[in-house]
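Heads up, the thing below is written out as structure tokens.
The values are calculated or read from the model by the stated rules, or taken from the named source; none is laboratory data. The structure presented is a predicted model; accordingly, all values stated were derived computationally and were not measured. Using ideal geometry, Cβ is built from the backbone for each residue, glycine included, and neighbour counts are taken over all protein chains shown.
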Amino acid sequence: MSKKIKANIKEQLALACKLLNYEKDRISTGDFAELTSRRDTLAELSKQHKGSEGDSDELKEALIRLRKLNEKWNRKFGVFGNFLHVQVEEFLLALFVIFSLKAFLLQPFRIPTGSMQPTLYGIHGQALSPEEIPNPLVRLSERLTHGRAYFNHIAKSDCSVVSIQQYMKFKFLIRTDIKLSDGRTITLPISKNVLTKDLGFRPTPNTIYKTGDTIIRGYVDTGDMIIVDKVSYHFRAPKRGEVFVFDTLGIKGKIAQSQGNFTDQQGGDNYIKRLVAVPGDTISIKPGGKLIINDQEASEFGIQRVMQAQGLYAANRGYQLTQSKRFNDYLGGYDVEKLLLQDSANPDKQEYVAIGDNTQNSLDSRYWGPVPQHNLVGPAFFVLWPFVTENWGVIK
């Protein structure tokens with residue numbers, strides 16, 4: 001069989017399959033059967049003549065008959081219409097697969113804050129001088145590899161800051177608007193906390209920016225993108241020491257009462273912390289940053305790493321008490337021991353304690369109490385992006 005005939009047969013068989021698959025609802029039963037028959041005939045003859053040197057008349061005739069029928073239906077439905085039909089169906093199928101995975105199996109999650117540093121990095125920024133801004137090629141490279149976005153906002157006219165407002169976009173993206181007196185608004189993908197602490201942006205009502213002055217300059221690193229396993233907790237109990245995600249349904253009121261200076265966590269529907277105590281445990285914090293579970297120092301790897309306060313974890317100083325005395329503090333003093341609810345008859349009433357690895361900057365169970373069973377989403381098991389940092393890979 002010649003290469004030309006072989007290529008034509010492959011093309012016509014593929015076109016016939018597309019017509020049969022995507023236009024079967026618009027082709028009559030008789031025409032559908034005819035197209036199927038001609039496709040099958042050509043496919044069978046092609047198998048029979050595979051390896052032969054010549055092109056038989058029977059094979060050529062079958063090819064011509066199928067081509068004519070394909071052209072007939074292709075003219076009727078139109079190449080563009082068929083293409084659009086296929087693309088729309090494939091797009092909808094892809095959406096279905098993505099949302100099915102997100103709903104039942106795996107869910108991407110962006111780390112919004114620094115409460116789990118250095119295990120996981122949230123959104124943070126850095127103010128820069130003009131000479132520290134790299135060239136466009138370096139900025140593009142860092143954007144792709146680290147998710148780092150540089151900005152340099154200059155006053156276009158004499159102005160001052162009217163207000164700074166933080167909000168959630170699409171329910172999961174933190175944004176802060178800096179509104180200026182000249183009507184402009186600077187929008188940054190960070191919280192007010194990052195804006196004031198990391199970038200040092202604290203203008204007073206008397207701060208005036210002249211035309212050409214720098215209002216704010218620096219960069220923002222997006223938080224780690226992780227994958228959350230939404231299946232495991234249906235088949236096993238949550239484990240002490242693992243990093244997990246939970247929703248704040250039912251505990252938002254307590255969180256709001258304990259908000260204090262943790263403005264970067266405001267409005268979030270999901271939190272990520274380390275699970276440090278499970279139903280039936282007693283928990284307390286001892287001087288020196290030690291976490292005591294059931295009258296013994298916790299032995300799990302992730303918890304030990306925080307308590308030892310070495311290397312990258314040295315700045316965290318182990319497990320700390322809450323920053324200030326509040327009426328509703330759950331663990332508000334040394335040797336204050338709490339017993340977690342273990343209700344075997346009603347698993348939804350079982351309780352878990354969630355504490356961030358960076359306890360100096362974490363709004364967690366120490367302030368607002370335990371997490372109910374029904375709030376658990378799943379363990380966080382893999383840092384997906386950025387893939388060039390030390391955190392990339394399996395979460396420990």
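The set of residues from the range 266-313 being part of a helix (DSSP H, G or I) and in contact with a helix residue (DSSP H, G or I) (Cβ under 8 Å, 6 or more places away or on another chain) comprises R305, V306, Y313. In the range 152-163 there is no residue matching the filter, namely being in contact (Cβ under 8 Å) with a residue 24 or more places away in the chain, closer than 21 Å to G356 by Cβ and outside the structural domain of R274 (by TED's automatic domain parsing). Here E71 fits the description: within 49 Å of the chain's Cα centre (by Cα), at pLDDT below 85, of a type outside the set (G, A, S) and within 15 Å of N8 (Cβ to Cβ).
Output yes when any residue across the range 322-338 is assigned to a loop (DSSP other than H, G, I, E, B), among the hydroxyl-bearing types (S, T, Y) and free of Cβ contacts under 8 Å to residues at least 24 places away in the same chain, and no when none is. No; the residues of the range 322-338 include none that is assigned to a loop (DSSP other than H, G, I, E, B), among the hydroxyl-bearing types (S, T, Y) and free of Cβ contacts under 8 Å to residues at least 24 places away in the same chain. Restricted to the range 261-282, and to residues there that are charged (D, E, K, R) and at pLDDT below 90, the residue that is surrounded by the fewest Cβ atoms within 10 Å (Cβ to Cβ) is D269. Residues that are surrounded by 13 or more Cβ atoms within 10 Å (Cβ to Cβ), in contact with an Asp or Glu (Cβ under 8 Å, 6 or more places away or on another chain) and either at pLDDT 85 or above or polar (S, T, N, Q) (or both): does the range 74-93 have at least one? Yes, some residue in the range 74-93 is surrounded by 13 or more Cβ atoms within 10 Å (Cβ to Cβ), in contact with an Asp or Glu (Cβ under 8 Å, 6 or more places away or on another chain) and either at pLDDT 85 or above or polar (S, T, N, Q) (or both).
Return the only residue of E300, E337 being within 23 Å of E390 (Cβ to Cβ) and at pLDDT 85 or above.
E300
Just give me the residues in the range 193-221 being touching a Phe, Trp or Tyr at 6+ places or on another chain (Cβ under 9 Å) and polar (S, T, N, Q), in sequence order. N193, the sole residue that qualifies.
Residue-wise test of (1) within 30 Å of L331 (Cα to Cα); (2) in contact with a Cys (Cβ under 8 Å, 6 or more places away or on another chain); (3) at pLDDT 90 or above.
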residue: I164; (1), (2), (3): no, no, yes
residue: I174; (1), (2), (3): yes, no, no
residue: I186; (1), (2), (3): no, no, yes
residue: V194; (1), (2), (3): yes, no, no
residue: P203; (1), (2), (3): no, no, yes
residue: S232; (1), (2), (3): yes, no, yes
residue: F235; (1), (2), (3): no, no, yes
residue: G241; (1), (2), (3): yes, no, yes
